[in-house]
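This report concerns only the one structure given below.
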Ligand code: 9MR
């Protein structure tokens with residue numbers, strides 16, 4: 001049924017979309033899921049999940065179980081959700097996804113322990129204390145969460161989104177960040193050291209966005225990232241991975257494989273594991289015809305994932321959701337489509353039918369070099 005749906009949809013796509021990228025149809029010789037294709041290569045393929053929909057929206061639940069070999073919580077492992085008031089920890093939502101993953105033999109990523117966003121309202125005031133106590137507010141939280149899930153995770157986004165070259169700091173670091181205001185760049189070191197204590201085999205990641213495109217502001221972000229990684233390595237911060245979120249916006253920021261490949265080679269030089277951690281494709285500013293947008297999205301997906309998976313450092317890819325029905329891109333003013341329709345940036349549409357993007361991911365997984373299990 002799956003394959004038939006793919007082919008039926010694909011049959012309407014004969015030409016390239018507005019971006020002019022060719023999107024030839026791929027004939028699949030078998031009906032394997034994305035999960036099976038990734039497994040066959042020793043790669044990660046998975047997605048972010050929203051636990052309230054698990055077990056209540058059954059078609060969604062089925063897609064998550066069959067298509068993903070790794071899950072990540074879309075929001076339920078953020079401090080705002082986990083520690084809504086000081087010392088009161090709420091793990092029900094996070095546990096639900098953890099249990100689902102265990103029942104379905106899936107790995108999990110931990111997202112995220114330290115971020116400038118999605119913090120509880122009380123945190124900023126609580127940070128108005130002497131420095132040693134500010135450190136404790138970070139360390140005690142990480143201890144508590146890693147204690148609960150540490151060894152169950154394949155990796156942790158220990159620190160999320162710390163660079164912002166457009167802000168004032170001369171190193172290009174994000175200064176509009178409560179952790180920066182409280183502890184400066186040192187907050188990154190503190191978070192990684194605290195995580196390392198109890199993380200077991202889980203790899204410790206720094207995670208960030210807009211480092212893949214051939215535009216000046218992404219170039220600045222790549223350079224800032226590389227300089228930060230140099231400083232962290234020099235200070236012996238136990239960082240083991242770098243997450244490329246991969247929120248593409250092809251009608252705004254041009255993707256150029258060579259530029260991205262160069263950055264991947266630079267990351268390889270740091271000996272880090274790399275993963276595409278939040279992949280989706282915003283179709284804002286694209287043509288009105290959904291079939292044309294789907295062709296563009298598929299083409300840029302194939303090009304982006306071929307490049308990423310070609311890097312021996314890259315363990316695989318997680319999408320930021322699985323169906324357009326539940327995509328953050330449709331909720332956010334700057335990515336919403338002007339015609340009021342849902343964005344089409346995930347492998348399944350809002351009726352849970354696979355799209356050309358699904359084909360593109362499948363084709364990229366099939367073409368990727370197999371990983372040697374570690
Ligand atoms: O998609 C997530 C959305 O549902 C949450 O409300 C929001 C705040 O928790 O976070 C979104 O996920 C973000 C991720 O954690 C970090 N990179 C950008 C993602 C999209 O904003």
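Worth pointing out:
- Region 73-83, residues that are within 9 Å of the ligand (Cβ to nearest atom) and either in contact (Cβ under 8 Å) with a residue 60 or more places away in the chain or on the phi > 0 side of the Ramachandran plot (or both): 74
- Subset tally (residues that are in a helix (DSSP H, G or I) and out of contact with any helix residue (DSSP H, G or I) (no Cβ under 6 Å at 6 or more places or on another chain)) for region 192-216: 5
For every residue, the table says whether it meets (1) within 16 Å of the ligand (Cβ to nearest atom); (2) not in a helix (DSSP H, G or I).
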residue	(1), (2)
274	no, yes
277	yes, yes
287	no, yes
298	no, no
303	no, no
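Matching residues to (1) at pLDDT 95 or above; (2) under 22 Å from residue 112 (Cβ atoms):
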| position | (1), (2) |
| --- | --- |
| 277 | yes, yes |
| 293 | yes, no |
| 309 | yes, no |
| 315 | yes, yes |
| 327 | yes, yes |
| 331 | no, yes |
| 336 | no, no |
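- Complete set of residues in region 305-344 that are within 16 Å of the ligand (Cβ to nearest atom), over 21 Å from residue 43 (Cβ atoms), in a loop (DSSP other than H, G, I, E, B) and touching a helix residue (DSSP H, G or I) at 6+ places or on another chain (Cβ under 7 Å): 335, 336, 342, 343
- Subset of region 87-125 [part of a helix (DSSP H, G or I) and surrounded by 15 or more Cβ atoms within 10 Å (Cβ to Cβ)]: 93, 94, 96, 97, 98, 100, 101, 123
- Looking only at region 34-86, residues that are in a strand (DSSP E or B) and farther than 30 Å from residue 310 by Cα come to 1 in all.
- Of the numbered criteria (1) over 17 Å from the mean Cα position of the chain (by Cα); (2) under 26 Å from residue 133 (Cβ atoms), the one residue 156 fails is (1).
- Candidate set from region 141-168 (those that are part of a loop (DSSP other than H, G, I, E, B) and buried (at least 16 other Cβ atoms within 10 Å of the Cβ)); member that is nearest to the ligand (Cβ to nearest atom): 161
- Residue check, residue 7 in a helix (DSSP H, G or I), modelled with pLDDT under 65 and either within 21 Å of the chain's Cα centre (by Cα) or surrounded by fewer than 16 Cβ atoms within 10 Å (Cβ to Cβ) (or both): yes
- Among the residues of region 94-140, those identified as within 16 Å of the ligand (Cβ to nearest atom) and closer than 17 Å to residue 186 by Cα are 113, 114, 115, 116.
The values are calculated or read from the model by the stated rules, or taken from the named source; none is laboratory data. Being a predicted model, the structure only gives us computed values, none of them experimental. So basically every Cβ, Gly included, is an ideal-geometry build from the backbone, and we count neighbours across all protein chains shown.
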